[in-house]
Amino acid sequence: AHRFEDMLTILDHEPCAREGLLYGVGAGGAAAFLGLFKRGSLITAGNWGFLTFGVVAIASKQVCHYYQAQRRARNRLRLGIRPDGSLINVKNFKPDGANVQNFKPDSPASDKPGNSD
């Protein structure tokens, strides 16, 4: 049996769990309230609230993970690290229009001054 403190440490170590749960609880509560107001049945409203909680919590957690991955990729590019882990030749690097996913490594011949391809 897990204690309440164990669940709080899980929320602290999982980066997007807190945000996902908060959005899920808010959306689920709103859906349950609206379902109760519209239909009048507590069980149907609870079902809609629980379903909305699950969908919104999972979706917001996934969106949060996506944005974190994009942020990490941008930061690595700013630090001069390619997605494959190799270093960028900062002397020849032009950041305008560089796409993190389609970044092509420099050829060894382009490092030599006066060499035009």
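Miscellaneous remarks
- Taking every protein chain into account, the 1.4 Å probe leaves Ile43 with about 130 Å² of accessible area, to the nearest ten.
- For Ile81, the residues whose amide H sits under 5 Å from its own are Ile88, ignoring neighbours fewer than 5 places away on the same chain, with H placed 1.01 Å from N.
- Using the Cβ of Gln68 as centre and a radius below 15 Å, the other residues enclosed give a net charge of +4, where K and R count +1 and D and E count -1.
- Backbone geometry of the range 41-47 corresponds, through the Karplus equation with coefficients 6.51, -1.76 and 1.60 at θ = phi - 60°, to 3J(HN,Hα) couplings of 9, 5, 5, 5, 5, x, 4 Hz, x marking Gly and Pro.
- Charge tally in the Cβ shell below 14 Å around Asp6, where Lys, Arg are +1 and Asp, Glu are -1, Asp6 excluded: -2
- The range 1-73: C-alpha gyration tensor shape, a/c 1.5 cut-off, then a/b vs b/c: oblate
- Using a Förster distance of 25 Å, the FRET efficiency for Thr9-Leu79 (Cβ separation, nearest 0.05): 0.25
The values are calculated or read from the model by the stated rules, or taken from the named source; none is laboratory data. Quantities reported herein were computed from a predicted structural model and do not represent experimental measurements. Don't worry about glycine lacking a Cβ; one is built from the backbone with ideal geometry, like all the others, and counts go over all protein chains shown. We work out accessible area using only protein heavy atoms, side chains counted, and drop any ligands, DNA or RNA first. Shrake-Rupley method; radii C 1.70, N 1.55, O 1.52, S 1.80 Å.
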